[in-house]
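Everything on this sheet refers to the single structure shown next.
The values are calculated or read from the model by the stated rules, or taken from the named source; none is laboratory data. All figures in this text were calculated on a predicted structure; none of them were measured in a lab. Please note: Cβ atoms are built from the backbone with ideal geometry, for glycine as well, and neighbour counts cover all protein chains shown. In case anyone asks, the SASA skips ligands and DNA or RNA and just uses the protein heavy atoms, side chains included. Shrake-Rupley method; radii C 1.70, N 1.55, O 1.52, S 1.80 Å.
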Amino acid sequence: MSTGVCLRLLQTAGSPSAASCRRWSLISGCRWMSSAGRGSMNVFNREMKRRQKNWAASLQKGNQYDYLRDEVGGRVADRVYDIARTFPLALDIGGGKSHIAEHLNKEFVERLFLTDISEKALKQRRQSEIPTHHVLADEEFLPFKENTFDLVVSSLSLHWINDLPGALRQIHQVLKPDGVFIGAMVGGETLYELRCSLQLGETEREGGFSPHVSPYTADTDEVQVHYPGIIEVMTDLQGMGESNCAWNRRSMLNRDSILAAAAIYKEMYGSEDGSVPATFEILYMIGWKPHESQAKPAKRGSANVSFADLSQIGQPPNITKS
């Protein structure tokens, strides 16, 4: 794709939308950021998240931690295939190494823009048959013009967004009329085994606890992965770039608390083979930008069948013999 085309698609960075919506009600000690005179909750340190993802992408054998992103990326691609149309231009938000595009082909997506906050992840993007241009951009501030893309996808990235409603509004803006958004993010029950074990372990050894795993807050899937123990769970999360980046996180875990949490994890959730499960709840979203060609609801009062008649369906006709 030529530089001229790319520059026409990119717009000058402006002030993002900043709705004052508090998504993470369970976290205290949050910061506030201001935009256009309004404030929005700033729970996550986006610079810390960028450093975490860059560190994960620089690992020599980092691909061994991509199993969850590969699995969910394939499921998002399946939902793209379910829509019987070709998308001339698509955008992958927070796509990293491009875990969705590798499951797609040019018959469905002709060109792709791949964005991520991590420059190292973008440099390691996987090859696909779709012509792809990568853009270093924060998911919270999309640098694209309105009505640009026919399709926007996102997989396992939006749960670190401070202003999710604002991000969804930006996605709506960059979509063309009748454009489609398909996204996947982790749900509120994700890693409940790990969170519960850490909280109980710290309460037992330190008399209190701090959040070490983000309290992740349609169509729902569960992906359960079994690990040898709690250390392996936390090591893989770090390798995925999924460590907690909340402003009020504690940078270090007490050794005694980790040992206590490991024992609690095994006792409460351990399998017969000695492994422990980690459950990832995945929420899938899909939506269309309005367009005049889309089907519209019938006018109120235009129905010629009563809901009361539905109760008669399947019942034998009432025949009166003379």
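Here is a yes/no grid of residues against (1) closer than 22 Å to Gln170 by Cα; (2) in contact with a helix residue (DSSP H, G or I) (Cβ under 7 Å, 6 or more places away or on another chain); (3) of a type in the set (Gly, Ala, Ser):
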position	(1), (2), (3)
Gly62	no, yes, yes
Asp66	no, no, no
Val76	yes, no, no
Ile83	no, no, no
Gly96	yes, yes, yes
Asn105	no, no, no
Phe108	no, yes, no
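Looking at Thr115 and the list (1) within 25 Å of Glu47 (Cβ to Cβ); (2) among the hydroxyl-bearing types (Ser, Thr, Tyr); (3) assigned to a loop (DSSP other than H, G, I, E, B), which single condition is not satisfied?
Every listed condition holds for Thr115 apart from (3).
Among strands (runs of 3 or more DSSP E) lying entirely in region 122-230, which contain 3 or more residues that are open to solvent by 10 Å² or more (accessible area, probe 1.4 Å), modelled with pLDDT of 90 or more and of a type in the set (Phe, Trp, Tyr)?
none
Report the residue count in region 261-292 for those that are within 30 Å of Gly183 (Cα to Cα) and either in a strand (DSSP E or B) or hydrophobic (A, V, I, L, M, F, W, C) (or both).
Adding up the residues that qualify gives 13.
Can you confirm whether region 240-260 contains a residue that is under 16 Å from Arg195 (Cα atoms), modelled with pLDDT of 80 or more and assigned to a strand (DSSP E or B)?
So far as region 240-260 goes, no, none of its residues is under 16 Å from Arg195 (Cα atoms), modelled with pLDDT of 80 or more and assigned to a strand (DSSP E or B).
Under the condition of being open to solvent by 10 Å² or more (accessible area, probe 1.4 Å) and in a loop (DSSP other than H, G, I, E, B), which residue from region 99-112 is nearest to Ala77 (Cα to Cα)?
The residue in question is Leu104.
Among the residues of region 43-85, which ones are open to solvent by 30 Å² or more (accessible area, probe 1.4 Å), of a type in the set (A, V, I, L, M) and over 26 Å from Asn162 (Cα atoms)?
Listed by number, the residues that qualify are Leu59, Ala84.
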